[in-house]
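I have placed the structure first, in the form of structure tokens, so that the comments after it can refer back to it.
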Amino acid sequence: MSQINNTKCPACGQGGLILVRLLEFDSKICVLCRECEAIWEGTFPSPVQPIIRFETYAASHGFEADWHRIEELI
Ligand SMILES: [Zn+2]
């Protein structure tokens with residue numbers, strides 16, 4: 001069972017968090033919010049990390065923010 005199932009997104013307050021693997025970025029494990037597209041590295045949305053959108057995150061790491069290149073783990 002995932003620990004993010006009952007966790008609300010710290011960015012938008014909704015329950016759209018999913019655990020994903022970024023196929024475009026070394027298959028890195030991240031938590032992504034379906035509602036507001038905020039992203040956190042690792043398996044839990046850090047409440048202290050500044051909110052970063054998937055598109056910004058992808059651009060800053062040199063890959064495209066393509067939702068089809070994400071593997072959903074839960
Ligand atoms: Zn959100």
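Read-outs throughout are calculated quantities, based only on the coordinates presented, and are distinct from any laboratory measurement. Nothing here was measured: the structure is a model prediction, and the numbers come from that model. We place every Cβ from the backbone using ideal geometry, glycine too, and count neighbours over all the protein chains shown.
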In debye to the nearest 20, how big a dipole does the chain give about its Cα centre with +1 on each Lys and Arg Cβ and -1 on each Asp and Glu Cβ?
-> 260 debye
Given Phe63, Cys9, Leu22, which one lies farthest toward the positive end of the charge dipole of the chain, if we put +1 on the Cβ of every Lys and Arg and -1 on the Cβ of every Asp and Glu?
-> Cys9
Bins of 5 Å from zero: percent of alpha-carbon pairs in the chain = 3, 19, 31, 27, 15, 5, 0
Approximate spin-label separation Ile52-Glu72, in nm, with each point projected 7 Å along Cα-to-Cβ = 2.3 nm
Among Ile18, Ile52, Ile39, the residue with the largest mean-square fluctuation in a Gaussian network model of the chain built from Cα contacts under 10 Å is Ile52
What residue among Ala59, Ala11, Ala38 shows peak mean-square fluctuation when the chain is described by a Gaussian network model with Cα springs under 10 Å?
-> Ala59
If a cysteine in the chain has no other Cys Cβ under 4.7 Å from its own Cβ, put it on the list, ordered by number.
-> Cys30
Sequence ranges 60-73, 20-33, ranked by mean other-Cβ count within 10 angstrom, highest first | 20-33, 60-73
